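Student: Got a structure here, written out as structure tokens. Questions coming.
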Amino acid sequence: MLGKLLGAGLILGCSSYAGWQVAGAYARRPVQLRDLQTALAVLQTEIEYGATPLPEALASAARAGGPAVGAIFRATAERLAAGGGNTPGDAMREALADQSGSTALRPGDLSIVAALAEVLGATGRADQVRHLSLARERLAGEEARAADERARYERMARYLGVLGGAALVLIFI
Amino acid sequence: MDVSLLFKIAGVGFVVMVMATMLKQAGKDEQGQMLTLVGVLLVLTMVVRLLGNFFTLVQSTFGMQ
């Protein structure tokens, strides 16, 4: 009897935790998309008005981007500063591949940033600024969609986790 | 007669009903219908087992082995 109760509690706890994790990803995505836009805005300002060297510009974008999103820019800046013949595009692509696992961003969101990797530090100032504005606009669209998804699915994921666990317990008893 | 199976069926029905309502509210009507179908099949397997017991009982009562 005690074993059954323990198992039931374990199943319920695990499925509830899974539901909370999924709901948490839905909640974090709009926030991180906004962080990404802020970081890109800072980067754009640094490029447009400051004409700052790219590693420093990326570092200040990382400071503006919060912990999860900032890590992408920080890793890019570190890779660039380390030298070794990395182009900014390579550094950014590698940083994206490394750090994207710790964010709630989807491949579609990351591909918007990856498209920037081609032009960052490789073309003229006006061209880079145009690409950064375009990326920010696309990210704003994604953010609106992510907020809509959050409103619809966050609570659902939480409830489904708990209820799915309850259903499993009922079936196994 | 074992009543616990009845409670189990009632519980599964209740949980599936609430889950289907949640899915429908979130705009995932198809998944909700699929879940209801799964719940019905689940309960049906339990009921079929009971029916099987019932028929063997009838057979043994009237000596129709």
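Student: So which residues in segment A:142-157 are under 23 Å from A:Ser15 (Cβ atoms), more than 8 Å from every other protein chain (Cβ to nearest Cβ) and buried (at least 20 other Cβ atoms within 10 Å of the Cβ), if there are any at all?
Tutor: A:Ala157
Student: Next question. Check A:Leu5, A:Leu12, A:Leu33 and return the single one that is surrounded by fewer than 14 Cβ atoms within 10 Å (Cβ to Cβ) and at pLDDT 90 or above.
Tutor: Answer to the selection: A:Leu5.
Student: Quickly run through segment B:1-20 and pick out the residues that are of a type in the set (Val, Ile, Thr) and exposed (fewer than 12 other Cβ atoms within 10 Å of the Cβ).
Tutor: Answer for segment B:1-20, where residues must be of a type in the set (Val, Ile, Thr) and exposed (fewer than 12 other Cβ atoms within 10 Å of the Cβ): just B:Val3.
Student: Then there's this: Residues B:Gln65, B:Gln31, B:Gln59: which one is at negative phi, at pLDDT below 90 and over 9 Å from the mean Cα position of the chain (by Cα)?
Tutor: Only one candidate qualifies: B:Gln65.
Student: Right, next: Return the total of residues in segment A:115-130 being buried (at least 17 other Cβ atoms within 10 Å of the Cβ) and out of contact with any helix residue (DSSP H, G or I) (no Cβ under 6 Å at 6 or more places or on another chain).
Tutor: 0
Student: Sort out for me the helices (runs of 4 or more DSSP H) sitting completely within segment A:2-114 that have 2 or more residues that are within 22 Å of the chain's Cα centre (by Cα) and under 30 Å from A:Leu170 (Cβ atoms).
Tutor: A:2-45
Student: Follow-up. Looking at B:Gly63, B:Gly39, B:Gly27, can you tell me which residue is within 10 Å of chain A (Cβ to nearest Cβ) and not in a helix (DSSP H, G or I)?
Tutor: B:Gly27
The values are calculated or read from the model by the stated rules, or taken from the named source; none is laboratory data. Note that this is a predicted model, so its numbers are computed, not measured. A quick note on method: Cβ atoms are made from the backbone with ideal geometry, for glycine too, and the neighbour counts reach across all protein chains shown.
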